[in-house]
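Enquirer: Supplied in structure tokens, the structure appears directly below.
The values are calculated or read from the model by the stated rules, or taken from the named source; none is laboratory data. Quick caveat: nothing in here was measured; it's all calculated off a predicted structure. Please note: Cβ atoms are built from the backbone with ideal geometry, for glycine as well, and neighbour counts cover all protein chains shown. Accessible surface is based on the protein model in full, side chains and every heavy atom, while ligands, DNA and RNA are left aside. Shrake-Rupley method; radii C 1.70, N 1.55, O 1.52, S 1.80 Å.
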Amino acid sequence: MVRTLRTLRPVSDPLGSYLRVGRLDHTFLAQMLVDGKAVSGLVADPAQAEQHRELWVEAHHQGVETVLDPRSLELSTPGGILRGGAVDLAWAPEGLHTPDSLYGRAGEDLCDQLVDAVVSASHTAVLAPTHYLASATDPWLDVDADLTHALRSSLNGAGLREVPIYYPLITKTENFYDPHWRDAIIASLSRLPIDAVWLRIHPFGTARSGPLALKRYLEACRDLHRLGPPLVGEHTGAVGVGLMAFGALGGVESGITVIDHTDLADWLRVPKKRGGGGGEARVYLHNLGAFLDRSKADALLSRPGMKSAHACLDTSCCPRGWKDTQMRYREHFVTQREREVRALSSIPEPLRAGHYLESFLRPASDKAVRASEAEPALMPVRKRLDSWRGTLGNDLVSNPTHSFSPPAAGKRHRKSA
Ligand SMILES: [Zn+2]
């Protein structure tokens, strides 16, 4: 087969890599910033504004993009409102936010409060206060459009014309995979002053990406390229990196070793079981794009041949080898995710998919065979790598000239205010 390569352009803006900063992540991240380690974008939880204040000061000092999440999904869902301090936010409602309660003036007031929060921590971007869309005629769609306009106008009024707005598109896969639903969304979003669309699609992510889901997600993203702004996959995890290689996404957003898929079940209704939390630290096996509980990872790496296959040789995160990978598992993950995204960014768009298959996916699925024999918990990893290899390998052959999301580089894409 002869593939027609498009003229190679010089590589311009980098792909986006955002990290969602958890409650206890601020200290090690601040240390990484002070040490000059590469971190490209951080998502800020306003419920932790006080505890994370020093991190935002340092990020601002280092020119790292920080994005305020208004946590609007939490404030409008029965399970969400119970999560991590949402109820204490300055803009939290008495009960739950509803489309009626945020219509008109009340929505403008909310946006003014969000802008105060942006100013107070010197954040450089903000997520629009959007909500879960159950259908194409969901009343939130129009209210969220008004809120997005109000947020732009409030930012501009505060002299923050350069602060971009990213629009979280929050819905279930059933909608996202439906071309008619996407037509309605594109019609609505095309009129909004937004600089990127962040996809919070339930359920989807590394652990929820069977062959059909992956194929449909890829198709849906390519369809949404009509809209124009970059697409960022929220909580997509390792599969998000593959989706960037195939042009679907211009950026990914990841939890720090904790969340690699979107599952909104505990937001949309009050969960039966609360708390638990914690659990064992998870080590990122970068050669497999997968996490493994620390004790299992330790046992795996003590097996013959496994250290040479999976230990981290990168002295910027793991100067003392496996010992550091275990102890400094968060630094290791952040460094390796950054490295994965930067490596892709440095390759011209038309070559990214092939490069991803050859340099990551093929060796990863080969390595997963032995690793899963030694550690049965890796069997699902082996299966999904094989599945991605099949789905993405086929896409490379059947869609050689697909569209690309613009890179999510943290700047205003809108022309006029
Ligand atoms: Zn490492």
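Enquirer: Among DSSP beta bridges lying fully in the chain, give the percent that are antiparallel, nearest 5. Intermediate results must be reported in sequence, preceding the final value.
Expert: On the way: 6 of 37 bridges.
Here the share of antiparallel DSSP bridges comes out near 15 percent.
Enquirer: Then there is this: What accessible area, in Å² to the nearest ten, does a 1.4 Å probe give for Lys323?
Expert: Answer for Lys323: close to 120 Å² accessible.
Enquirer: Quantify, in whole percent, the carbon and sulfur part of the accessible surface of the stretch 195-332 (1.4 Å probe; protein heavy atoms only). Write down the numbers at each step before the final one.
Expert: On the way: 2760 of 5280 Å².
Here carbon and sulfur together make up 52 percent of the probe-accessible area.
Enquirer: OK, next. Suppose a student asked you for the relative contact order of the stretch 282-398, using Cα pairs under 8 Å spaced at least 6 residues apart; what percent would you report?
Expert: Details: 107 pairs, mean separation 29.6, N = 117.
Over the stretch 282-398, the number comes to 25 percent.
Enquirer: Also, I was wondering about something else. Taking 0.36 nm per residue of sequence separation and subtracting the Cα-Cα distance, how much length would be gained by fully extending the chain between Ala158 and Glu174, in nm to one decimal?
Expert: 1.8 nm
Enquirer: At a Förster radius of 41 Å, what calculated FRET efficiency corresponds to the Cβ-Cβ distance of Leu212 and His61, to the nearest 0.05?
Expert: On the way: r = 46 Å, r/R0 = 1.12.
Efficiency for this residue pair is about 0.35.
Enquirer: Could you calculate the FRET efficiency of Met327 with Ser120 from 1/(1 + (r/R0)^6), where r is the beta carbon distance between them and R0 is 30 Å, rounded to 0.05?
Expert: 0.30
Enquirer: Helix 53-62 versus the longest principal axis of the chain: what angle, 0 to 90°, nearest 10, using Cα atoms?
Expert: Value to nearest ten degrees: 70.
Enquirer: Can you give the FRET efficiency to the nearest 0.05 for Thr27 and Ser101, using r as the Cβ-Cβ distance and R₀ = 45 Å?
Expert: Numbers: r = 37 Å, r/R0 = 0.83.
FRET efficiency, Thr27 to Ser101: 0.75.
Enquirer: Contour minus end-to-end for Thr401 and Lys307, with contour as 0.36 nm per residue of separation and end-to-end as the Cα-Cα distance? The partial results should precede the final answer.
Expert: Values: separation 94, 0.36 × 94 = 33.84 nm, distance 3.91 nm.
Between Thr401 and Lys307, full extension yields 29.9 nm more.
Enquirer: Please list, in chain and number order, the residues 5+ apart from Ala196 or on another chain whose amide H is under 5 Å from its amide H, with Hs placed from the backbone.
Expert: It is Tyr167, by chain and number.
Enquirer: Sticking with this one: Along the Cα→Cβ direction, 7 angstrom out, place labels at Arg294 and Arg339. What is the inter-label distance in nm?
Expert: So the label points at Arg294 and Arg339 sit 2.0 nm apart.
Enquirer: Excluding ligands, DNA and RNA, what is the solvent-accessible area per residue of the chain at a probe of 1.4 Å, expressed in Å²?
Expert: Numbers: 17820 Å² over 417 residues.
That works out to 43 Å² per residue.
Enquirer: Let me check against my output: what whole-number percent is the relative contact order of the chain, with C-alpha pairs under 8 Å and at least 6 apart? Show your work: numbers first, answer last.
Expert: Values: 721 pairs, mean separation 82.1, N = 417.
Relative contact order for the chain comes out at 20 percent.
Enquirer: Follow-up. Rounded, prolate or oblate, given the Cα gyration tensor of the chain, with a/c below 1.5 counting as rounded? Display every interim value, and only then the final one.
Expert: On the way: a/c = 1.58, a/b = 1.32, b/c = 1.20.
Prolate shape, in that a/c is at least 1.5 and a/b is the bigger ratio.
Enquirer: Suppose each label sits 7 Å from its Cα in the direction of the beta carbon; what would the Ser346-Glu50 distance come out to in nanometres?
Expert: 4.4
Enquirer: Additional query: Let me know the charge dipole size of the stretch 138-211 about its Cα centre in debye, to the nearest 20, where only the beta-carbon of Lys, Arg (+1) and Asp, Glu (-1) is charged. Working shown, then result.
Expert: Details: 7 positive and 9 negative charges, 44 e Å.
For the stretch 138-211, the charge dipole is close to 220 debye.
Enquirer: Between Ala265 and Ala90, what is the label-to-label distance in nm when each label sits 7 Å out along the Cα-to-Cβ direction?
Expert: A separation of 3.7 nm, rounded to one decimal place.
Enquirer: Moving on to the next point. Got the relative contact order for the stretch 233-343 handy, in percent, Cα pairs under 8 Å and 6 or more residues apart? Please report the intermediate quantities before stating the final value.
Expert: On the way: 119 pairs, mean separation 22.9, N = 111.
Across the stretch 233-343, relative contact order equals 21 percent.
Enquirer: Here is a follow-up. What are the ³J(HN,Hα) couplings of the stretch 379-385, residue after residue, when phi is run through the Karplus curve with 6.51, -1.76, 1.60 and θ = phi - 60°? Round to Hz, x for glycine and proline.
Expert: Taking θ as phi minus 60°, the curve returns 4, x, 5, 4, 5, 6, 5 Hz for the stretch 379-385.
Enquirer: Collect residues whose amide H, placed 1.01 Å from N in the peptide plane, falls under 5 Å from the amide H of Gly41; neighbours closer than 5 in sequence don't count.
Expert: Ser17, Leu19
Enquirer: When a/c reaches 1.5 or more, the comparison of a/b and b/c decides; with that in mind, is the stretch 282-398 rounded, prolate or oblate per its Cα gyration tensor?
Expert: Numbers: a/c = 2.44, a/b = 1.33, b/c = 1.84.
It is oblate, given that a/c is not under 1.5 and a/b is not larger than b/c.
Enquirer: Once every DSSP H run of n ≥ 4 in the chain is given -39500 (n - 2.57) and the sum is divided by its residues, what mean residue ellipticity at 222 nm do you get, rounded to the nearest 500 deg cm²/dmol? Kindly include the intermediate steps, with their values, before the conclusion.
Expert: Working: 16 runs with 172 residues, N = 417.
That comes out to -12500 deg cm²/dmol.
Enquirer: Please give the charge dipole size of the chain, origin at the Cα centre, charges +1 on K and R Cβ atoms and -1 on D and E Cβ atoms. Round to the nearest 20 debye.
Expert: Values: 49 positive and 48 negative charges, 307 e Å.
In debye, rounded to 20, the chain gives about 1480.
Enquirer: Picking from Met306, Pro407, Tyr284, whose Cα lies most toward the positive end of the charge dipole for the chain (charges on Cβ: Lys, Arg +1; Asp, Glu -1)?
Expert: Met306
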